[in-house]
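Student: Have a look at this one.
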Amino acid sequence: MNTPHATPAPEPGAARDPGPGVPPAPGPGAPPPTGTAVRDTARDRVGVVMDHEGQYLQLRPLLGGREWDADPAAVRPLTPEELLSARVAEVNARSRQAP
């Protein structure tokens with residue numbers, strides 16, 4: 001008699017596949033690569049990694065602007081949903097600015 005084998009559930013805290021088109025997260029302790037959209041949790045800001053300068057990351061707002069330095073320990077990659085939400089918020093904010 002053949003019994004189907006159940007797929008074991010992932011262990012708590014195990015990394016999950018983020019889905020197609022989403023780059024894998026860097027290993028523990030590794031800073032995100034250049035071009036990654038991230039949240040700077042220390043400043044509650046969203047930006048793109050532009051460079052690694054010494055012990056800091058240089059981040060720039062998604063639609064351009066002035067860069068700021070961020071501690072890599074306080075930065076995490078955005079999920080696809082967070083990235084879409086952040087882009088919409090920036091476009092909306094710019095559309096409300098006077099010409």
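The values are calculated or read from the model by the stated rules, or taken from the named source; none is laboratory data. Keep in mind that what you see is a predicted model, and the values were worked out from it rather than measured. No Cβ is skipped: glycine too gets one built from the backbone with ideal geometry, and neighbour counts run over all protein chains shown.
Student: Name the pairs: first residue in the stretch 70-88 and touching a residue at least 60 places away in the same chain (Cβ under 8 Å), second residue of a type outside the set (D, E, K, R), Cβ to Cβ under 9 Å, at least 6 apart or on different chains?
Tutor: If the second residue must be of a type outside the set (D, E, K, R), the pairs left are Thr79/Pro18; Thr79/Val22; Pro80/Pro18; Pro80/Gly19; Pro80/Gly21; Pro80/Val22.
For every residue, the table says whether it meets (1) loosely packed, with under 12 Cβ neighbours inside 10 Å; (2) in contact with an Asp or Glu (Cβ under 9 Å, 6 or more places away or on another chain).
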position	(1), (2)
Ala37	no, yes
Val49	no, no
Gln58	no, yes
Pro61	no, yes
Glu67	no, yes
Asp71	no, yes
Ser95	yes, no
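Student: Here is a further query. (1) in contact with a helix residue (DSSP H, G or I) (Cβ under 7 Å, 6 or more places away or on another chain); (2) at pLDDT 95 or above; (3) of a type in the set (Val, Ile, Thr): which one isn't true of Val38, the others all being true?
Tutor: If we test Val38 against (1) in contact with a helix residue (DSSP H, G or I) (Cβ under 7 Å, 6 or more places away or on another chain); (2) at pLDDT 95 or above; (3) of a type in the set (Val, Ile, Thr), just (1) comes out false.
Student: Can you confirm whether the stretch 47-67 contains a residue that is in contact (Cβ under 8 Å) with a residue 12 or more places away in the chain and touching a Ser or Thr at 6+ places or on another chain (Cβ under 6 Å)?
Tutor: The answer is yes; a qualifying residue exists.
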